[in-house]
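Each remark here refers to the structure printed beneath this line.
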Amino acid sequence: MDHFIYKDQKKMRLGYTTGTCATAATKAAAQMLLGGKRIGQVELLTPKGIPLQLKVEQIVIEENRVSCAIRKDAGDDYDVTNGMYVIACVEKIGQGYEIEGGEGVGRVTKPGLDQSVGNCAINTVPRQMMAQVMMEEADAYGYEGGLRTIISVPEGAEIAKKTLNQKLGIEGGISILGTSGIVEPMSETALIDTIRTELSMYCAQGQRDIIITPGNYGESFLTDQLGLDLSHTVKCSNFIGETIDMAYEFQLSSLLLIGHLGKLVKLGSGIMNTHSKYADGRMETLSSCVLLAGGTGELARRILDCNTTDEAVEVLWMAAFLPPVMEQLMKKIDSALKQRAFEGLRIEAVVFSNRFGVLGKTKGAEQLMMLHRE
């Protein structure tokens, strides 16, 4: 791949995701199956809008099925999946477009993940990409039947041992992931420098009220659900504490932090770098909030047994105990944020989940939201 970005004044090559590999292999196999001609390269436009020309390898052509492989390229990003082969076997079926996981693709064993328990760990966006290319190839060749693609990763089971998959509830292999289709290499230093640069830019423009969000989920929620203006928004990634420090340094007036519960719950225990390699504490924090809200020890134990915060929210909702727990959590988050922000910087937070929307707000969050709507 010959696309680059600059980080830490270094030219760094972009890579592409396992989802892109699976989609490209599916497209190539479908072309050969329906067109009857062997191909050596396949073109693919990623969701990010970057076009790729990828080499097609390990081609096996049979009467009613074709399999081929795409080699994963993570660019200059450190990735344990770099260099592995992702194989798609496309075969004709009666109707519809089916996507299945084969050897080396994990199975979901715990609730709360992108896919339901029992499904292969191929996430939503790659599934949509593969279904789309199968439909496009069927239309291109005038084929009126259905197609099935089976994705396999021969090294997947071994590679998965080097990931958090087993802890998360994905057994037997890796996940097929990706929302943009592209891997952007970025060191922690580079990320923090990028945040600093953005805050400095806003400061130089006279903007003193900023929204910060850990990532894409937060940005989508800002516009789609809260109707907020994105023109003064900074992605802080996992570096919430560092971003608060920089805001204080640049003498900003306010920060409005908006993020998914899975990240921001950690603030309730004072964890200011929310990357999993530094600390977790998600379920422990929620369990303590259950007890503070007057919940039972049994409910607190059920929360401790949850795999994800989405699952925990479901448990609390079913127990009709979600609002009081979120109230306690927001008090904890408010205290931690204001302690880190010192005096002179207004800081508030909004926490949401994909299913339930806004779960909680700190006391002054609504005022800051009105400011950004204006």
PRE reach from Asp224 (point 7 Å along Cα→Cβ): which of region 108-133 fall under 15 Å by backbone N? 114, 124-126, 128
To the nearest Å, what is the center-to-center distance of region 77-145 and region 303-374, using C-alpha atoms only? 35 Å
With a point put 7 Å past each Cα toward its Cβ, work out how far Ala157 is from Asn64 in nm, to one decimal. 2.8 nm
Quick check: at a probe of 1.4 Å, how many percent of the accessible area of region 215-374 sits on carbon and sulfur atoms? 50 percent
Among the GluC sites (Glu not before Pro) in region 117-212, which ones are in a DSSP loop with at most 12 other Cβ atoms within 10 Å of the Cβ? Mind listing them? Glu144
When the charge dipole of the chain is computed with +1 at the Cβ of Lys and Arg and -1 at the Cβ of Asp and Glu, the Cα pointing farthest to the positive end, of Pro324, His260, Thr124, is that of Pro324
Where in the chain is the longest stretch that carries no trypsin sites (Lys or Arg not before Pro) classed as loop by DSSP and with at most 13 other Cβ atoms within 10 Å? 39-160
Sum of -39500 (n - 2.57) over DSSP H runs of 4+, divided by residues of the chain (222 nm, nearest 500): -11500 deg cm²/dmol
Set Lys263/Lys332; Lys167/Lys361; Lys338/Lys363; Lys72/Lys167; Lys167/Lys331; Lys277/Lys361, cut-off 19 Å on Cα-Cα distance; pairs above it are Lys167/Lys361; Lys72/Lys167; Lys167/Lys331; Lys277/Lys361
What dipole magnitude, in Debye to the nearest 20, does region 205-344 give about its Cα centre under +1 on Lys/Arg Cβ and -1 on Asp/Glu Cβ? 260 debye
Along the charge dipole of the chain, Cβ charges K/R +1 and D/E -1, which of Gly173, Leu54, Ala140 sits furthest on the positive end? Gly173
Classify region 256-374 as rounded, prolate or oblate from the Cα gyration tensor: take a ≥ b ≥ c as the square roots of its eigenvalues, call it rounded if a/c is under 1.5, otherwise prolate when a/b beats b/c and oblate if not. prolate
Report the GluC sites (Glu not before Pro) located in region 264-361 that are in a DSSP loop and have at most 10 other Cβ atoms inside 10 Å of their Cβ, or state none. Glu343
Quick calc, the chain, dipole around Cα centre from Cβ unit charges on Lys, Arg (+) and Asp, Glu (-), nearest 20 debye, gives 480 debye
Residues of region 236-254 with amide N under 19 Å of the 7 Å Cα→Cβ point at Phe342: 240-254
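The values are calculated or read from the model by the stated rules, or taken from the named source; none is laboratory data. Not measured: the values here are computed from a predicted model. Note: ideal-geometry Cβ built from the backbone for every residue, glycine included; neighbour counts use all protein chains shown. Accessible surface areas use protein heavy atoms only, side chains included; no ligands, DNA or RNA. Shrake-Rupley method; radii C 1.70, N 1.55, O 1.52, S 1.80 Å.
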